[in-house]
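Chemist: Quick one: this structure, given as structure tokens, is what I'll be asking you about.
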Amino acid sequence: MKLAIVGTGYVGLVSGACFAEFGYEAVCIDKDVARIESLNSGKCPFYEPGMDNLLSKHLKNTKLLSFSTSLSSAISNADLIFITVGTPSKRLDDEADLKYVWSVANEIGNNIKKYSVIVTKSTVPVGTSRKIKKIIGNLVSDDLYDVVSNPEFLREGSAIDDFMRPNRVIVGTENNRSKKIMKELYRPLYLKETPIFSTSIETAEIIKYASNSFLATKIGFINEVADLCEAVGADVQDVSKAMGFDQRIGSKFLNPGPGYGGSCFPKDVKAFFSTAKKFDVNLSIINAVHESNQNRIEKVANKIINYVESSSTLSFLGLSFKPNTDDIRESSSIKIAIYLYEKGYKINCYDPKAMYNARKEFDKFNYFDSAYEACNNTDAIIIGTEWNEFRALNFPEISKLVKKKKIFDLRNIYDASELERLGFEYYGTGK
Ligand code: NAD
């Protein structure tokens, strides 16, 4: 099969490289010329474990993967065309901004020459794939294409594994021809007994938002329970663990912290609520989750402010929105660090991979090359992101570096008693 993938972000690039790993020929297209140049030289534009190897294998060895800025030539003989461009929130409201999707649909309509299946992999509100069909249908005959919804569930930080071994693949189609092609595309996964779940286009679109919103709800829920635990002297980690033994609840996504961030949950929760509103449906729970998560930044930052003197210097460890990625989009760590900075605190920070992106976003922090350097002569340490390298820091060594022994463990990666033995004041989350 020949594939064209439009958009070389996390989803487009990982999909292209993994489809090449399945043995398909994939051309990845982006309008960002510098990005395509960098990809053609074998450099991945973001940090994702395993991507460099997969890129170089299929770009240089198998040659199944290639990159281009020209959509017209890439789609000319593609059996499937994937739309994997961004769908951020609109600037002034909560809706998904679909301008990149519409622009790609127009380009496809203007350039398609032979029958292809157009696959929406971007996360898009219900009704979007139908509208893509309309846009293309206004430009070419209906028998040249079918539109399919195939939302993506990969997680940054474990994207390759998620793509190669997904929990499920959702395929929303409206006829047997495209359904058969999609089944063939995912045959390598079908052989590994991955559930390939066929449904309507609209249902597939809703499955993606409902899934992300549900996970965000779990996070929001446990964060509020953590607040109660903190108020009454209970331990939220024990609460989570005990809840997780119940198989109806499950143990995942019950870790309290500084609120969810990243390029998906915040925008998807908002878009899900605002899409439903258009159909006069009030997803009030989803709206409450969004509000609770927004309030969390101030709540967490003010807790820190309560325990540290004004104008002191704080070490902030971890800036990416989660470990194993350099993505700082909607990162709670960055938001909390900015809040503290704006209240007059100096921020000394370090992240294993996100320093470049963070510096571009906010140059007022002091950036250091290691956790230890960032802790030198500071009044408190804040662990914002649970990178593995922060799980076993040498605290006897850090004791000698810091001005004051105080630690705010926003992700509960340390045992209080261990650090208290070394003379640290320890503040976990929800305990
Ligand atoms: P991204 O913002 O990292 O990348 C999007 C890319 O599309 C950019 O490189 C941009 O230059 C390119 N682009 C925009 N318009 C284009 C056009 N007309 N022609 C060619 N290229 C164009 O996006 P992402 O994080 O990969 O997310 C893509 C979609 O997948 C979003 O809808 C997102 O919600 C969804 N999604 C993301 C993840 C994730 O973990 N990042 C996971 C699942 C689903």
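The values are calculated or read from the model by the stated rules, or taken from the named source; none is laboratory data. Since this is a predicted model, take the numbers as computed values, not measurements. Positions of Cβ are backbone-derived with ideal geometry, glycine not excepted, and every protein chain shown enters the neighbour counts. All accessible areas refer to the heavy atoms of the entire protein, side chains included, with ligands and DNA or RNA removed. Shrake-Rupley method; radii C 1.70, N 1.55, O 1.52, S 1.80 Å.
Chemist: Could you tell me whether segment 239-323 comes out rounded, prolate or oblate from its Cα gyration tensor? Rule is a ≥ b ≥ c as square roots of the eigenvalues, rounded for a/c under 1.5, then prolate if a/b exceeds b/c, otherwise oblate.
Modeler: The shape class here is oblate.
Chemist: In µm²/s, what is D for segment 155-225 at 20 °C and 1.002 mPa s, where D = kT/(6 pi eta Rh) by Stokes-Einstein and Rh is the Kirkwood radius from Cα pairs?
Modeler: Rounded, D is 155 µm²/s.
Chemist: Normalized C-alpha radius of gyration of the chain, against 2.2 N^0.38 Å?
Modeler: So the chain has a normalised radius of gyration of 1.05.
Chemist: What accessible area per residue comes out for segment 288-431, rounded to a whole number of Å², with a 1.4 Å probe?
Modeler: 45
Chemist: Give the shape of segment 327-431 as rounded, prolate or oblate, defined through the alpha-carbon gyration tensor: a ≥ b ≥ c are the square roots of its eigenvalues, a/c under 1.5 means rounded, and otherwise the shape is prolate if a/b is larger than b/c and oblate if not.
Modeler: prolate
Chemist: Next up: Report, to the nearest whole %, how much of the accessible area of the chain belongs to carbon and sulfur atoms, 1.4 Å probe, protein only.
Modeler: Here it works out to 49 percent.
Chemist: In addition: Which whole-Hz ³J(HN,Hα) couplings does segment 154-160 yield from phi under the Karplus relation 6.51 cos²θ - 1.76 cosθ + 1.60, θ = phi - 60°, glycine and proline marked x?
Modeler: Values, residue by residue: 4, 10, 4, x, 9, 5, 5 Hz.
Chemist: Indicate, rounded to the nearest 5 percent, the antiparallel portion of the DSSP beta bridges found entirely in segment 1-135.
Modeler: Once the DSSP bridges in segment 1-135 are tallied, antiparallel ones form about 5 percent.
Chemist: Something else about it: By how many nm would the segment from Asn394 to Leu228 grow when fully extended, if each residue of separation counts as 0.36 nm and the alpha-carbon distance is taken off?
Modeler: Using 0.36 nm per residue and subtracting the Cα-Cα distance, I get 56.6 nm.
Chemist: Sticking with this structure for a sec: Along the Cα-to-Cβ line of Asn77, 7 Å from the Cα, sits a label point; which residues in segment 133-150 have backbone N less than 20 Å from it?
Modeler: Residues 144-145 fall inside that zone.
Chemist: Additional query: At a temperature of 4 °C and a viscosity of 1.567 mPa s, determine how fast segment 184-248 diffuses translationally according to Stokes-Einstein, using the Kirkwood radius over alpha-carbon pairs as Rh; express D in µm²/s, rounded to the nearest whole number.
Modeler: Answer, rounded: 86 µm²/s.
Chemist: Sticking with this one: Report, by chain and number, residues whose modeled amide H sits under 5 Å from the one on Ile5, excluding near sequence neighbours (fewer than 5 apart, same chain).
Modeler: Distant-sequence amide H within range of Ile5: Val27, Cys28, Ile29, Phe82.
Chemist: Output the 0 to 90 degree angle, nearest 10, between the alpha-carbon long axis of helix 332-342 and the longest principal axis computed from the alpha carbons of the chain.
Modeler: The helix 332-342 is inclined about 50 degrees to the chain.
Chemist: Here's a follow-up. In whole Å, what is the distance between the alpha-carbon centres of segment 33-84 and segment 147-193?
Modeler: 19
Chemist: Relative to a virtual label point 7 Å from the Cα of Phe279 in the Cα→beta-carbon direction, which members of segment 105-137 show backbone nitrogen distances below 18 Å?
Modeler: 123-133
Chemist: Let me ask another. What FRET efficiency, computed as 1/(1 + (r/R0)^6) with R0 = 41 Å and r the Cβ-Cβ distance, is obtained for Glu184 and Asn40, rounded to the nearest 0.05?
Modeler: 0.90
Chemist: Aspartates and glutamates within cross-link reach of Lys133: Cα-Cα under 14 Å, excluding same-chain residues under 8 positions apart?
Modeler: List returned: Glu107, Asp142, Asp143, Asp146, Glu174, Glu202.
Chemist: On full extension of the chain, what length is gained from Leu401 through Glu202, given 0.36 nm per residue of separation minus the C-alpha to C-alpha distance?
Modeler: 66.0 nm
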